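Enquirer: Attaching a single structure in C-alpha cells format; questions to follow.
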Amino acid sequence: MTDQHVDLLIIGAGPAGLAAAIAAREAGIESILVLEREKEPGGILRQCIHNGFGLHRFSEELTGPEYAKRDVDRVRELDIPVRCGTTVLSVSPDRVVTCVSPEFGFSRLSAGAVVLAMGCRERPRGALCTPGSRPAGIYSAGTAQRFVNLEGYMPGRRVVILGSGDIGLIMARRMTLQGAKVLACVEIMPYSSGLNRNIVQCLQDYGIPLYLSHTVTDIHGRERLTGVTVSRVDENRKPVPGAEICFDCDTLLLSCGLIPENELSQGAGVELSPLTSGPVVSETLETSVPGIFACGNVLHVHDLVDHVSAESFRAGRAAAAFVRASSPPAPVFTVKDGPGVRGTVPQKISARPSEDVSLMFRPADVYRNAAAVVECGGQEVLRKKAMIYTPGEMAVLTLKKEVFESLPDKVITVRMEGEKQHG
Amino acid sequence: MTQQSEKVFQSDIVIAGAGITGVSLARELSRYDVSVIVLERAEDVAEGATKANSGIVHAGYDAKPGTAKAKYNVLGAAMFPALCAELSVPYRKCGALVVGFDDNDRQTLEDLLRRGVTNGVKNLRLLNREEALAAEPSLNPEIVCALDVPESAIVSPYELAYAMADDAALNGVRFHFDQEINSVSAAAGSGWQLATARGDVFRCRVFINCAGASGAALHNMISDQPLQMTHRRGQYYLLDRAPYQPFTRTVFQCPSAMGKGVLVSQSVHGNLLLGPNAEDIDDPLDTATTAEGLASVLARAQRTWPALSTRSNITNFSGVRAHLSTDDFQIGPVSGAPGAFEAIGIESPGLSSAPAVAVDLAASVASFLSLRKKGNLVPPRRPKKPFHDMTDEERAEAVQNDPAYGNIVCRCEVVTEAEIREAIRRPVGARSIDGVKRRTRAGMGRCQGGFCSPRVAQIIAEETGVCLQSVTKCGGDSLLLVDTVESFLKGGAGND
C-alpha cells in the first residue's frame, strides 16, 4: 500500500535532479515529484560560492548558487513540486520509495519511473588508512567548505591539504582569502586530480606549494591537530624513508576523491560498476533495473556541472519516454575500457539510439599529443585529438546516432594514444 | 577552559575511573544506601580502554586456571545475556573459532581446550580442518585445526558502559568529568582525601581505584606493596557494514604471551573488526596508529582471511590496555590502605569480567561500610529502538509522535535528530561529537561524519546552551572551529 503515486520521482534537487525534472516536464510529464533532504534545492552548488560554473552551458561564468538558481527558477516556472527536508530511506526494484520528513512524516510513494540524483560523498581518512593520532581539525574539504561558506565559521588557522581534488584546491584559495595560512597541498600521484585552471587560480596565484608524489604519513596532536608529517612516495606510492617534511598546522583538509552515494542504488538492486563505483547504465541513463535511471555524480563523478546538467537532461527525457510506456530498447552494444581509459559511461548502448551518444571517461594517466580513439571490430569509429588529456578532466566523445547503424561488432572499445607522462 | 574556583566535595565512596569496571561498580553500589561519586579524567564515560577494544565477551578458555582473570571471566560472561537485555544493549552470542596453522598451534589449542574445561567453559570442541572450513568457508584453507567456542559473544563495550552509567546515575551516583586525580592521601582520622588537577578536593570514607591506565600510579600513592604496570597498545581496522560478512563467528589466531592475537570479528552493528597487534608503549594516552602497526595487523588478519581487502576500511584506531607485571587482575582491598579498594591491571578479559568484578567488589565495600540495600530502585531507562532498525510502521509512528524523527542527520547510519537530542539528554549524556557518535552511531559510517558533523555540532550547541565554537570533538581543547569567518578576518595576521 502506498500513500501516493507519481509518474516520475526524482531523488535529489541538486543540478542533476533539477535538470532531469525540467527535461521530463518539457517532454510532457505532468506528475513529477522531486525529493530533497536539504532545506532548499540546489545541492552542493549552494556552498560553491566561487565562479567558473556554466561556461559550456550558458557561455558565461557563474557562481554555484547563480548556476543553481537558473534551474531552480525554471523548476518553479514549470510548477514542478520539490519537497525539501525529505530524506529517502529506500527504493525498491518495483519503484516504491519510502521517505521521511519532519513536515510530512513517513511516506511510501510509488513511481512510474525513478531518477537517482543523490550526488556523491567525499572519501574520509579511513579510506586512505593514514596512520597517526585522531584529533579535531581533520575535515573533508567539502565539510570545511560548508562551515565557511554556509555556516560562517573558520575550521582552522594553519592548513595542509591532502589530495589535489578540485574541492581541496578551491578551499586552499577560500581559506587563504579568509585569512588562514595554507601551507601546502600534498598529492600522492605524480599529477593532480584537479582541473588545471584550479591549480593555477587557487594554488599558484597564492604561492601555495603543490607537493606531487607526496602524502601525509603521520598525524600529530591529541586534542586539536598540531602537525602532520609529509613524505615523498616512490613510483609504487610507498613512502620513501628519510624524505619527511613536518608542517605545524591545526587543520588537515582531505580532498582525496569522491564516491557516488550508493546506499539507495544498492537497495534497489541496481548493478554497480567497480570502475565508476556508480550504476551501470545504457545510453538512456537507465540502470540495470527497468525504470530506474541515474545521472550526475551518483552515476560517476564529474568535474564540470555543465556535463552533469547535459547528462541529466538526457536522463529526464529518457525517464519521460519510459513513463509513456515506450518499452526501452534492449542494449546491444557493450562499451569497454581499452588501454589508458577508466570507467567509460555508458557501459551499454541500444541498437538504434534516439540521440547522439556521449561517451565519458577519465584517462588513467596524463597523455600529451594524444588522441582518444573509439574502435569497434578492428575499425576506428572516432578519433579525438588533444594536446593533453589528464585524469583530472573528464573526456567526452560524442558518437553520432547514425554511426550505430553500421558498426561491425557488438563491442565498442575506448582507448588512449599518445605520450604517457608517467609510465 | 574557564577556571572554576576550587570546591570541596564529600561522599561515602569515590570511584576513580568511568571505564567499564568503574561504571559496573558504580551501578552495583547504587543498589546500596550510600553516596557515590565517580571521578573521570576524560570528558565522558568509556574514554580509555573501554571504547577501543575488540568488543568480545570471552568464554574464558584463555586465562590460566586459578587466576582472577579465569574466575571473573567465566562468572562475568555468564552475566552478560541478562545484563544486556535489562539495559537494552546490543549483545550477540555468535561463537568463536581459534584457528591453528601447524602442530605447535594444535598443541596450543589442546592446552586451551583443557584450560577451558578446568575454568568451567561449556561446549568447547576441537575441530579438524574440514569441520572448521565447513563452519567458516572463508577461512584460510591452510589451517589444520580449530577450537570451537560456541559460548563466545560480542557486545558494544562503550554502549554497555553508557547504559550502566545512566542506570547508576538514575540511582543516585554522581559523575564528575574532566577531573584528573593528582593525589590520594589518608584523611585525618579515617577515610581519604583526593586532590584533582583542577584544584578540587574530594573527601570520602572509601576510595576505589578503577583507574585503568592510571591504576598503578594511584595504587602506589597509598599502598605498601608497589606495583609495576606497562601499557600495551593494540591497533585496529574497522571495515564498513556489509550485507554479507566473511565469518559468522569471531575468528582468533593462537594466543601468545602478548595477548590473544589478531582477530577478525563482526561488531554487533555489522562492521568487521581486524586487530589488535600488541606493542608496549610509554605513554598510556598515546592512542595513535602507526604504519608498522597497521601493516602487521593487516598481514596477520590476512592469514585468517586471505581474501581480505581494506577497500571498505572506514577508520583505524587503537586502544591501550593496562598490564601488571603479575600478569593478572588485582582486585580487592589495597594492601596497607584500610578503606581503599581496587580493580586494576584490567586488560583482556576485562570487559567480560567487569560485571562479576563489580558484584564481588561491591560486596566487600558494603561489608566494610556495613551498607544496607536500598528498598526501591529506579528501573533502567528503556531506550527507543534505533530508527535504523525500525520497521516502516515503527518509523511512521515515531515521526508522527515526534517530528524530529523525520530529520535524518546522519545519512550513512540513518540517525535522526530526535535520537541525537536524546543522546545529549540521557542521564549521563553526550557533550561532544564523539560522545554523540558512540551513543547514536551518527558519524560512525562510511563518510565518518563528513556529512553530519556540522549538523551534530549545531544540535549539541543548542542542547547544551553553548556557542558553536565551543563544541568539541572529544572534550578539552579538541575544538571543531576556531572563530567566526567575520571575526577571524578582522583578526587578520594576528591569527597566524
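Enquirer: Can you pull out the residues in segment B:185-209 that are touching a His at 6+ places or on another chain (Cβ under 9 Å) and outside any loop (DSSP other than H, G, I, E, B)?
Expert: Within segment B:185-209, the subset touching a His at 6+ places or on another chain (Cβ under 9 Å) is B:196, B:200, B:202, B:209.
Answer for segment B:185-209, where residues must be touching a His at 6+ places or on another chain (Cβ under 9 Å) and outside any loop (DSSP other than H, G, I, E, B): B:Thr196, B:Phe202, B:Asn209.
Enquirer: Also, I was wondering about something else. Answer with yes or no whether B:Asp200 is over 30 Å from B:Asp148 (Cβ atoms) and of a type outside the set (A, V, I, L, M, F, W, C).
Expert: yes
Enquirer: What do you reckon, is A:Gly340 modelled with pLDDT of 95 or more and in contact with an Asp or Glu (Cβ under 8 Å, 6 or more places away or on another chain)? I'd like the intermediate steps shown before the answer.
Expert: Details: modelled with pLDDT of 95 or more: yes; in contact with an Asp or Glu (Cβ under 8 Å, 6 or more places away or on another chain): yes.
Criteria met by A:Gly340.
Enquirer: Check every one of the strands (runs of 3 or more DSSP E) wholly within segment A:62-119 and list those with 2 or more residues that are more than 14 Å from chain B (Cβ to nearest Cβ), buried (at least 18 other Cβ atoms within 10 Å of the Cβ) and not aromatic (Phe, Trp, Tyr). It would help to see each step written out before you state the result.
Expert: On the way: elements: A:87-91, A:96-101, A:105-116.
By residue number, A:105-116.
Enquirer: Checking B:Gly293 against (1) over 30 Å from A:Ser277 (Cβ atoms); (2) within 14 Å of chain A (Cβ to nearest Cβ): exactly one of these is not met. Which one?
Expert: (1)
Enquirer: Could you pull out every one of the helices (runs of 4 or more DSSP H) wholly within segment B:1-120 that has 2 or more residues that are under 19 Å from the mean Cα position of the chain (by Cα)?
Expert: Details: elements: B:20-29, B:68-87, B:103-119.
Fully inside segment B:1-120 and qualifying: B:20-29, B:68-87.
Enquirer: I'd like to check something: does segment A:27-50 contain any residue that is in a helix (DSSP H, G or I) and more than 20 Å from A:Asn149 (Cβ to Cβ)?
Expert: no
Enquirer: Out of the residues in segment B:389-401 that are surrounded by fewer than 16 Cβ atoms within 10 Å (Cβ to Cβ) and within 24 Å of A:Gln266 (Cβ to Cβ), state the one that is nearest to the other protein chains (Cβ to nearest Cβ).
Expert: We begin by selecting, within segment B:389-401, every residue surrounded by fewer than 16 Cβ atoms within 10 Å (Cβ to Cβ); these are B:389, B:391-394, B:397, B:400-401.
Then drop every residue that is not within 24 Å of A:Gln266 (Cβ to Cβ), which leaves B:389, B:391-394.
Details: B:Asp389: 12, B:Thr391: 11, B:Asp392: 6, B:Glu393: 9, B:Glu394: 9 Å.
In this case the residue turns out to be B:Asp392.
Enquirer: Could you list, in sequence order, all residues of segment A:30-46 that are among the β-branched types (Val, Ile, Thr) and surrounded by 24 or more Cβ atoms within 10 Å (Cβ to Cβ)? Talk me through it step by step, then tell me what you get.
Expert: Step one: list which residues in segment A:30-46 are among the β-branched types (Val, Ile, Thr), which gives A:32, A:34, A:44.
Result: A:Ile32, A:Val34.
Enquirer: Looking at segment B:440-457, can you tell me whether even one residue there is under 21 Å from the mean Cα position of the chain (by Cα), charged (D, E, K, R), on the phi > 0 side of the Ramachandran plot and not assigned by TED's automatic domain parsing to the domain that holds B:Ala165?
Expert: Within segment B:440-457, one or more residues are under 21 Å from the mean Cα position of the chain (by Cα), charged (D, E, K, R), on the phi > 0 side of the Ramachandran plot and not assigned by TED's automatic domain parsing to the domain that holds B:Ala165.
Enquirer: Among what's in segment B:402-420 and is of a type outside the set (Gly, Ala, Ser) and in a helix (DSSP H, G or I), pick the residue that is nearest to the other protein chains (Cβ to nearest Cβ). Reasoning before the result, please.
Expert: Our first condition is that a residue be of a type outside the set (Gly, Ala, Ser); within segment B:402-420, this holds for B:402-403, B:405, B:407-417, B:419-420.
Of the ones still in play, those that are also in a helix (DSSP H, G or I) are B:403, B:405, B:417, B:419-420.
Numbers: B:Pro403: 4, B:Tyr405: 7, B:Glu417: 8, B:Glu419: 13, B:Ile420: 14 Å.
It comes out as B:Pro403.
Enquirer: Considering each residue of segment A:1-26, count those that are assigned to a loop (DSSP other than H, G, I, E, B) and among the small types (Gly, Ala, Ser), and give that number.
Expert: Qualifying residue count for the region: 3.
Enquirer: Kindly establish whether A:Thr284 is of a type in the set (S, T, N, Q) and either outside any loop (DSSP other than H, G, I, E, B) or surrounded by fewer than 24 Cβ atoms within 10 Å (Cβ to Cβ) (or both). Reasoning before the result, please.
Expert: Numbers: of a type in the set (S, T, N, Q): yes; either outside any loop (DSSP other than H, G, I, E, B) or surrounded by fewer than 24 Cβ atoms within 10 Å (Cβ to Cβ) (or both): no.
For A:Thr284, the condition - of a type in the set (S, T, N, Q) and either outside any loop (DSSP other than H, G, I, E, B) or surrounded by fewer than 24 Cβ atoms within 10 Å (Cβ to Cβ) (or both) - is not met.
Enquirer: Of the residues that make up segment B:231-241, is at least one small (Gly, Ala, Ser), farther than 30 Å from A:Leu264 by Cβ and assigned to a strand (DSSP E or B)? Give the steps one after another, and end with the answer.
Expert: Within segment B:231-241, the subset small (Gly, Ala, Ser) is B:234.
Add one more test, that the residue is farther than 30 Å from A:Leu264 by Cβ, and what stays is B:234.
Imposing the further condition that a residue be assigned to a strand (DSSP E or B) reduces the set to B:234.
Yes, because at least one residue in segment B:231-241 is small (Gly, Ala, Ser), farther than 30 Å from A:Leu264 by Cβ and assigned to a strand (DSSP E or B).
Enquirer: In addition: Going through B:Ser325, B:Ser370 one at a time, which residue ends up being surrounded by fewer than 17 Cβ atoms within 10 Å (Cβ to Cβ), closer than 28 Å to B:Trp192 by Cβ and in contact (Cβ under 8 Å) with a residue 24 or more places away in the chain? Don't jump to the end; show me each part of the working.
Expert: On the way: B:Ser370 fails: in contact (Cβ under 8 Å) with a residue 24 or more places away in the chain.
When all the criteria are applied, what remains is B:Ser325.
Enquirer: Continuing with the same structure: Have a look at B:Leu298, B:Leu263, B:Leu272 and point out the one that is within 14 Å of chain A (Cβ to nearest Cβ) and within 18 Å of the chain's Cα centre (by Cα). Show your work before the answer.
Expert: On the way: B:Leu298 fails: within 18 Å of the chain's Cα centre (by Cα); B:Leu263 fails: within 14 Å of chain A (Cβ to nearest Cβ).
The conditions single out B:Leu272.
Enquirer: Among the residues of segment B:460-473, which ones are of a type outside the set (S, T, N, Q), facing chain A (nearest Cβ under 7 Å) and not in a helix (DSSP H, G or I)? Lay out the reasoning, then the answer.
Expert: Taking segment B:460-473 first, the residues of a type outside the set (S, T, N, Q) are B:460-463, B:465-468, B:471, B:473.
Going one step further and asking which of them are facing chain A (nearest Cβ under 7 Å), we end up with B:468, B:473.
Once the filter is applied, which keeps residues that are of a type outside the set (S, T, N, Q), facing chain A (nearest Cβ under 7 Å) and not in a helix (DSSP H, G or I), segment B:460-473 yields only B:Lys473.
Enquirer: If you check B:Ala423, B:Ala457, which single one turns out to be assigned to a helix (DSSP H, G or I) and facing chain A (nearest Cβ under 10 Å)? Steps first, answer last, please.
Expert: Values: B:Ala423 fails: facing chain A (nearest Cβ under 10 Å).
After applying the criteria, what remains is B:Ala457.
The values are calculated or read from the model by the stated rules, or taken from the named source; none is laboratory data. All figures in this text were calculated on a predicted structure; none of them were measured in a lab. Cβ sites come from the backbone with ideal geometry, for glycine too, and all protein chains shown count toward neighbours.
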